[in-house]
Amino acid sequence: MSAGGSPSASGRAGGSSFVPRYVTVADFLRRMIYNHELEPGERIPSEHQLMDKFDIARGTARHAIKILAEEGLLKQAHGRGTFVSEPDITHNVGSFPLSLAQSLTEQGKSFKTHVVRAKVEVPPPAMQIALDIKPGYGAFYIERVRIVDGEPMLCQENWISTVECPGIASHDFEHETMFDAIEHCSGRKIKKSNMTYSARSAGPKYASILDCDETTAILVLEQVVMLSDNRPVSWGRTWLKPGQTVTGTTAV
């Protein structure tokens, strides 16, 4: 999930199928919003800037913006421009770290973990700040899908500091929890987290993974996990399938 550079026109995994340019532009803006490169209330690049960046017509730029406005991610103000919408719901849920794996276990749910992607790379600027990582330094990115009763229940993505957790990339995250791996690599206990939740439109990526409509509002949890010496070690985001609940926290 690279923060920089222009996406290619093919854009999708495999790169063999044609993707309309307005979809590429919409994906680019959506990633900027989800990666906190564009914050709520912030003005997005103008139509002219998008036209120059992607070498597209004005109608293509407007089509991309219209898609995100329909998803509820953007709000257009006549004569002022287009801005990132405030989430429908945002709530701070305290400082106890939330382990989704333990939560599912406590509910008696049998689940499997599928690792979609795992790689050390440079995180987006907002994640660098959250994890106190110097610009240009890499972190371990992992994206997982939790499957319960044969159905995808939630999608999780995490950035983990390789400074605090050397060797984290070598762990088997299909059979080991992230918290266990972090404590093993860092040599420290997890102490607390800063966590919020909000309602977001699923968008094409998560709608496909969680089998729901692209405009469906789903619960999104964001969590920054801190070690016993108050060093930030992980930034994570969880997309929960509509109609599902996750309960329980892990106080360490």
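Assorted remarks:
- The peptide list 33-42, 166-175, 199-208, put in order of mean Cβ contacts within 10 Å with the highest first, becomes 199-208, 33-42, 166-175.
- Residues whose amide H falls under 5 Å from that of Leu74, counting only those 5 or more places apart or on a different chain, are Ala69, Ser85, with hydrogens built in the peptide plane.
- Karplus 3J(HN,Hα) series, Hz, for the stretch 182-194 with 6.51 cos²θ - 1.76 cosθ + 1.60 (x for Gly, Pro): 5, 5, 5, 6, 7, x, 9, 7, 7, 9, 7, 8, 10
- Equivalent ellipsoid, the stretch 21-84 (semi-axes from 5 times Cα gyration tensor eigenvalues, Å): 16, 13, 11
- Label sites at Asp172 and Ile147, each approximated as a point 7 angstrom past Cα along Cα to Cβ, lie 1.7 nm apart.
- Other-chain or far-sequence residues with amide H under 5 Å of Ser228's (modelled H): Lys189, Lys191
- For Ala139, the amide hydrogen comes within under 5 Å of the amide hydrogens of Glu121, Val122, counting only partners 5 or more places away or on other chains and with H modelled in the peptide plane.
- Over the stretch 130-252: Rg over Rh, Cα atoms, Kirkwood Rh: 0.98
- Where labels lie 7 Å past Cα in the beta-carbon direction, separation of Ser17 and Asp132 in nm: 4.4
- Dipole check for the stretch 90-240: with +1 at the C-beta of Lys and Arg, -1 at the C-beta of Asp and Glu, and the Cα centre as origin, the magnitude is about 360 Debye.
Each value in this text was obtained by applying a stated rule to the coordinates, not by laboratory testing. What you are looking at is a predicted structure, and each value in this text was computed from that prediction instead of being measured. Backbone-built Cβ (ideal geometry, glycine too); neighbour counts: all protein chains shown.
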